[in-house]
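Scroll down for the structure; my scribbles are underneath it.
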Amino acid sequence: MRENEVRRNEVLVARHAAAVFDAQLEFIGTIRTPWTSRLACPRQGRADGPVCEIEIHQPWVPALAGIAKYSRLEVLYWLHHSRRDLVLQSPANNGEVRGTFALRTPVRPNPIGTSIVDLLSVDGAILRVRGLDCLDGTPLIDLKPDRALFTPIAPPQPGDFETG
């Protein structure tokens, strides 16, 4: 696969200059991994993968208070080298296609990546983790404790599961 290859039966969306953007992201850190090429980067993070570092930028370092008590984190990052214009893709390069939203591909209109990582240590503004699948220098959007570690705050209440 070439980095910007459009495969047989894949479909691009035409990007128009007057596109409306109503959101703004602030990158809160930088991810450090051993991968500098998309072709070498794994397709999924692995718990036995290499130790990677997440560097948190100021003024967000104090937001790490208490994070060390969690064993797993959800990491959200911006896949800044990904193309953003495919609506149908052929991930196996065999001519069969699926819609972008039916895939975990980095090629998406808003290339947000997510990984559940094992938190190994916290040293000031540096988190050491395993389980990432992104390039060195990837901008960090957010960190959250893995929701699977939480129990519901309160028992179900009347109306919680009603669809109106």
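Read-outs: derived from the displayed coordinates by stated rules, not from any lab. These numbers were taken from a predicted model, which means no experiment stands behind them. Neighbour counts run over all protein chains shown; Cβ positions are idealised from the backbone, glycine included.
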Inset, instruction - At 7 Å along the Cα-to-beta-carbon direction for both residue 157 and residue 84, put a label point, then send me their distance in nm to one decimal. - result: 3.8 nm
Inset, instruction - Note down the nm distance, to one decimal, between modelled labels 7 Å out along Cα→Cβ at residue 76 and at residue 148. - result: 1.9 nm
Inset, instruction - Rounded to the nearest 0.05, what FRET efficiency do residue 30 and residue 69 give with R0 = 35 Å and r taken as the Cβ-Cβ distance? Could you check? - result: 0.90
